[in-house]
Amino acid sequence: MSAYREFADSSAEPAVRGFLHEPAQPNGDGLVLTHGAGANCQSKLLIAMAEAFADSGCLVLRCDLPFRQSRPHGPPFPAMAARDRGGLRRAVEVLRGKTPGRIFLGGHSYGGRQSSMLAAADPQVAAGLLLLSYPLHPPRKPLELRTGHFPQLHTPALFVHGGRDPFGSHDEMKTSLTLIPAPTLLLEVEGAGHELLGKKANADLPFRIVQAFQQFFKQP
């Protein structure tokens with residue numbers, strides 16, 4: 001079993017704050033994992049995902065974005081999104097100093113979107129992306145697509161999406177992923193909403209995601 005501990009690094013700005021999941025049998029890889037707009041790094045989904053990846057041998061940094069460090073509640077401000085991406089970059093740098101292998105970047109909803117935007121601007125920031133419930137468009141507003149950076153995304157990405165997610169259907173996701181020049185994989189989770197994990201449903205989902213991730217990001 002893996003173990004985790006509280007972690008903070010304020011040696012540079014933005015600060016990095018969250019929890020470090022250390023595997024019992026490390027494989028050398030690392031994953032920065034962060035949350036959506038209405039949550040923090042203590043969400044049920046992030047904890048389950050971090051534990052599953054750590055059990056597979058990956059060092060995981062489950063962290064709060066800068067906007068959540070500044071305010072315990074409330075959504076992020078669009079004008080501050082660049083600072084959140086700066087926080088992701090810092091988290092990657094911190095994790096890179098702790099493990100010798102590949103560093104992956106990802107998150108749920110808003111966190112995943114900011115991760116993909118950072119990777120589109122800097123393809124070297126991470127070896128790959130894990131995007132949980134990418135918020136393709138606001139609910140009931142299918143024309144307001146958040147895909148402007150997709151044609152610049154050259155980082156391989158695994159998308160995990162629920163069949164009942166109001167932020168985008170599976171068909172909408174499939175169409176949008178054709179805009180991305182990098183390799184992509186869409187893992188469809190039938191019956192799941194935006195949070196992916198229900199009270200009882202999809203209890204094995206973290207394990208399935210890890211399996212898909214390992215297959216998609218095989219060591220070259």
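Here, each number is a calculation from the coordinates, and none is a lab measurement. This one's a predicted model, so the numbers in the text were calculated from it and none came from an experiment. Glycine also receives a Cβ, built like all others from the backbone with ideal geometry; neighbour counts cover every protein chain displayed.
Every residue, every condition in (1) under 21 Å from residue 43 (Cβ atoms); (2) assigned to a loop (DSSP other than H, G, I, E, B); (3) out of contact with any Leu (no Cβ under 9 Å at 6 or more places or on another chain), yes or no:
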position: 143; (1), (2), (3): no, yes, yes
position: 147; (1), (2), (3): no, yes, no
position: 173; (1), (2), (3): no, no, no
position: 182; (1), (2), (3): no, yes, no
position: 192; (1), (2), (3): yes, yes, no
Discussion item. If I filter the stretch 155-171 down to residues being surrounded by 20 or more Cβ atoms within 10 Å (Cβ to Cβ) and outside any loop (DSSP other than H, G, I, E, B), which single residue comes out as farthest from the chain's Cα centre (by Cα)?
Written reply: 162
Worksheet entry | Among residues of the stretch 1-32, those that are in contact with a Leu (Cβ under 9 Å, 6 or more places away or on another chain), more than 15 Å from residue 69 (Cα to Cα) and in a strand (DSSP E or B), counted | 8
Worksheet item: Using beta carbons and a limit of 9 Å, which pairs, at least six apart or on different chains, have the first residue in the stretch 43-55 and free of Cβ contacts under 8 Å to residues at least 24 places away in the same chain and the second one surrounded by fewer than 19 Cβ atoms within 10 Å (Cβ to Cβ)?
Response: 47/4
Worksheet item: What number of residues within the stretch 24-48 are surrounded by fewer than 22 Cβ atoms within 10 Å (Cβ to Cβ) and either more than 27 Å from residue 194 (Cβ to Cβ) or of a type in the set (D, E, K, R) (or both)?
Response: 6
Worksheet item: Which condition number in (1) surrounded by 15 or more Cβ atoms within 10 Å (Cβ to Cβ); (2) under 16 Å from the mean Cα position of the chain (by Cα) is the one that residue 207 fails?
Response: (1)
